[in-house]
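Have a look at the structure below, then the notes.
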Amino acid sequence: MPPNILISTQNIRKSYSNTMLFNSLSVNIHQEERIGLIGPNGAGKSTLLKILANLEQIDQGDISFSSGLQVSYLSQTDIFDDQLSIQEVVLKHFPSHLEDWEIQKQLRDIQDQMQFEDMNIFVGTLSGGWKKRVALACILAQNSDLVLLDEPTNHLDLQGILWLESFLQQAKFAFVLISHDRF
């Protein structure tokens with residue numbers, strides 16, 4: 001596989017019962033690529049993301065991942081322990097090999113990027129849009145090469161959507177984003 005390709009699929013097929021989601025699908029995802037995936041409900045968009053995240057298996061075909069690839073998956077729904085603070089939630093997602101000073105520096109950077117005024121606020125007190133930012137903060141802590149975002153604008157108001165657009169325009173990782181909004 002060429003060095004700038006993160007994931008390559010060749011003629012993959014996936015169906016549920018009698019419903020064919022996709023057949024003979026081949027796609028390459030490159031470093032720093034930004035992909036928007038749109039389509040009607042039930043077309044297999046979320047299933048494809050789960051396959052790329054290695055959370056679901058294909059029925060047929062081949063899928064290859066580049067060596068050492070770090071993939072993060074952001075599901076449509078965010079599930080957190082409401083009794084934990086934002087900081088406690090995010091700290092759980094840092095790689096174990098990092099030194100404490102590295103974690104603290106990255107945590108400050110994440111706080112700035114996510115625009116959290118206070119990382120000690122309990123997640124249970126946050127709106128859906130701010131919980132989405134916590135989920136994105138967890139992904140940033142993982143330092144991924146590829147981020148798979150399943151309808152990240154769910155639960156976001158207009159201000160949150162504009163913030164997300166700006167955040168993704170500056171992202172240093174490749175991403176695939178599912179949306180019903182073509183713009």
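The values are calculated or read from the model by the stated rules, or taken from the named source; none is laboratory data. In this text the structure is predicted, and so the values were computed from the model without any measurement. Every residue, glycine as well, gets a Cβ built from its backbone with ideal geometry; the counts of neighbours run over all protein chains shown. Remember, those area values only see protein heavy atoms, side chains included, never the ligands or the DNA or RNA. Shrake-Rupley method; radii C 1.70, N 1.55, O 1.52, S 1.80 Å.
Site pair residue 41 and residue 167 shows an inter-label distance of 2.5 nm when each label is modelled 7 Å from Cα along Cα→Cβ. Highest-first packing order for the peptide set 44-50, 88-94, 161-167, 125-131 is 44-50, 88-94, 125-131, 161-167, based on the mean count of other beta carbon atoms within 10 Å.
Relative contact order of segment 116-183, taken over Cα pairs closer than 8 Å and 6 or more residues apart, is 37 percent. Evaluated with a Cβ-only charge set (Lys, Arg +1; Asp, Glu -1), segment 137-183 carries a dipole of roughly 140 debye about its Cα centre, given to the nearest 20. Share of carbon and sulfur in the accessible area of the chain stands at 46%, probe radius 1.4 Å. Helices in the chain, meaning DSSP H runs of at least 4 residues, each add -39500 (n - 2.57). Divided by all residues, the mean residue ellipticity at 222 nm is -9500 deg cm²/dmol. Taking a straight line from the alpha carbon of residue 92, these aspartates and glutamates sit under 18 Å away, with near neighbours fewer than eight places off in the same chain left out: 78, 81, 82, 100, 102, 109, 118. Remark: for residue pairs 50/172; 14/172; 50/105, the C-alpha separation exceeds 25 Å in 14/172; 50/105. When the chain is described by a simple charge dipole with +1 on each Lys and Arg Cβ and -1 on each Asp and Glu Cβ, the residue from 178, 9, 54 located farthest towards its positive end is 9. Distance from the C-alpha centroid of segment 48-100 to that of segment 31-45: 18 Å, rounded to the whole angstrom. Taken about its Cα centre, the chain carries a charge dipole of about 560 debye when Lys and Arg each add +1 at the Cβ and Asp and Glu each add -1 at the Cβ. Here segment 34-102 is treated as a sphere whose radius is the Kirkwood value from Cα pairs; by Stokes-Einstein at 37 °C and 0.692 mPa s it diffuses with a coefficient of 211 µm²/s. Across segment 1-116, the mean sequence separation of Cα contacts (distance under 8 Å, 6 or more residues apart), normalised by length, yields a relative contact order of 25 percent. Using a probe of 1.4 angstrom and keeping all protein chains present, the accessible surface of segment 15-146 works out to 58 square angstrom per residue.
In segment 124-173, the inverse of the mean reciprocal separation of distinct Cα atoms equals 11.4 Å; this is its Kirkwood hydrodynamic radius.
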